[in-house]
1. So which residues in segment 226-255 are outside any strand (DSSP E or B), modelled with pLDDT of 75 or more and under 20 Å from V388 (Cβ atoms), if there are any at all?
2. Could you run through segment 234-244 and say how many residues are under 22 Å from the mean Cα position of the chain (by Cα) and open to solvent by 70 Å² or more (accessible area, probe 1.4 Å)?
3. For A186, indicate whether it is open to solvent by less than 50 Å² (accessible area, probe 1.4 Å), at pLDDT 90 or above and at negative phi.
4. Check E251 against each of (1) in contact with a His (Cβ under 8 Å, 6 or more places away or on another chain); (2) of a type outside the set (F, W, Y); (3) open to solvent by less than 50 Å² (accessible area, probe 1.4 Å) and name the one condition it does not meet.
5. Could you give me the residue pairs with C-beta distances under 9 Å whose first residue belongs to segment 307-320 and is touching a residue at least 60 places away in the same chain (Cβ under 8 Å), whose second residue is β-branched (V, I, T) and surrounded by fewer than 15 Cβ atoms within 10 Å (Cβ to Cβ) wherever it lies, and which are 6+ apart or on separate chains?
6. Condition first: of a type in the set (S, T, Y), part of a helix (DSSP H, G or I) and at pLDDT below 85. Now tell me which residues in segment 46-93 satisfy that.
7. As an exercise: evaluate L146 against (1) aliphatic (A, V, I, L, M); (2) open to solvent by less than 80 Å² (accessible area, probe 1.4 Å); (3) modelled with pLDDT of 80 or more and give the number of the one condition it does not meet.
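The values are calculated or read from the model by the stated rules, or taken from the named source; none is laboratory data. For clarity, every value in this text was computed on a predicted model and none was experimentally measured. Cβ: placed from backbone, ideal geometry, glycine included. Neighbour counts: every protein chain shown. All accessible areas refer to the heavy atoms of the entire protein, side chains included, with ligands and DNA or RNA removed. Shrake-Rupley method; radii C 1.70, N 1.55, O 1.52, S 1.80 Å.
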Amino acid sequence: MLLAGEAVALWTGMAVAVGWVRPSGFTTLIPLPAYPIFIALGVLIVMGTINRDNVNLLDPGWTDAMHLAFRQTLGVAGAVLALAVGMKDPGLSRLFIAAYFPVLAVCFVFLNRWQPGWLTRLLFGGAARLPTLILGEAALFPELALWLKSREKFGLRLAGRVTYAGAVPPLAELPVVGDFADLKSAIEQTGARQVLMISLPHTPADAEHLARTCASCGCRLLIHNNLTLQLSYPLRVLMQDGYSFLAFQDEPLEDPLNRGLKRALDIAVSLPVVLFLLPPMIALVWFMQRRQAPGPVFFFQERSGRGGRIFRILKFRSMRWSPVADDRQTSAGDPRVFAFGRLMRRMSIDEVPQFINVLMGEMSVVGPRPHYVRHDDMFAESVNEYRVRFFVKPGITGLAQAHGFRGEIHTAEAIHQRLQLDLLYIHTWSVWLDLAIIARTARQVVIPPPAAR
């Protein structure tokens, strides 16, 4: 927010300066506040994407500061040009624009590099520092000393150690100021305003004593959740009907509202395809099959859906018909695929009938691609988290396919690469992500990737 205000202030300052230098002053044919509003939006949107990328904004080096400035300037430039072109504003001076963006980029570099330090000293210095008592088992908090050092700039000031279960954190420079049983006295003696327990309490009684004591003293309490280290999986806290649960991953599609939004998108995309695109395609495919490889127009095969339930996936037949089922993966130059079938597979035309599966609720437009049922067991033996894919409906396309992972799978590494993208999709789903994957897939239909065959 502060950077957005500073970018707007620079625009306003430069516009005023132009008025002093040129008699005509700063000119625009649209309302004056429009550009500052779009500049602020451009910065906020870019900063939102940077936060999702887990970029260190609190202590960036010069390289990071320049990288951030480049992205921020591009965001502002995109917003300004979108407004100027969209509103057809010929009054905006090209010379002003040519001067503003380089100056803005330089300002962003220095602000990114130095401003976080200024703010932390202003906000967390002096009286704002937080005296903290520390207790618990340090073995369950790797690199404790380094972490505590990093938090000093944000106001953490260690006031002492408290003995818990006969042990104290190995920070020799800190005095031992009391025992867990007499935590209240230790808090009052040191004037602590925060208690940091670096491991989970051993018993519910200890947890109750800790919480009650801190509450009665008006003291903030932090407890390190070391379960994530013991289980080697990230944990999330979920609240449902007043009860607290620990989950191993975020699942946006467990929210009924999100499932409803996704279902609405599925219907909005698949219904026009089934009504208007599929009928002429059936006629074309039937005609080409009759000429090159007579047999049924469609091909049915069992696949695993949401929750591992079996359903029959629908495709245009792209192989020569055989009364004996053959679930071998298709390889490059596979003789079972006839000429037009090869074209269908390359352009993903053979997948179009699956929009019927989507309308029936068995599939989604976007989701992890379903594999052969017998391959599910094989892949699950290679990758432990494989069946997490069954948390959501399978898709006609997915994040892995949008990134070019298509075709046959030969190695455990190939399974792992696809699975990581499938899991990323499950844990970060949004309507916007679905729309982005659909757009990227549409592009691949026109320009097929090398893996398409």
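1. L227, E251, P252, L253, E254, D255
2. 3
3. Working: open to solvent by less than 50 Å² (accessible area, probe 1.4 Å): yes; at pLDDT 90 or above: yes; at negative phi: yes.
When the stated conditions are applied, A186 passes them.
4. Going through (1) in contact with a His (Cβ under 8 Å, 6 or more places away or on another chain); (2) of a type outside the set (F, W, Y); (3) open to solvent by less than 50 Å² (accessible area, probe 1.4 Å) one by one, E251 breaks only (3).
5. I310/V373
6. Correct list: T49, T63.
7. Failed condition: (2).
Listed here are the residues, each with its yes/no results for (1) at pLDDT below 85; (2) open to solvent by 30 Å² or more (accessible area, probe 1.4 Å).
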site: A98; (1), (2): yes, yes
site: V103; (1), (2): no, yes
site: N112; (1), (2): yes, no
site: G117; (1), (2): yes, no
site: L122; (1), (2): yes, yes
site: T132; (1), (2): no, no
site: A139; (1), (2): yes, yes
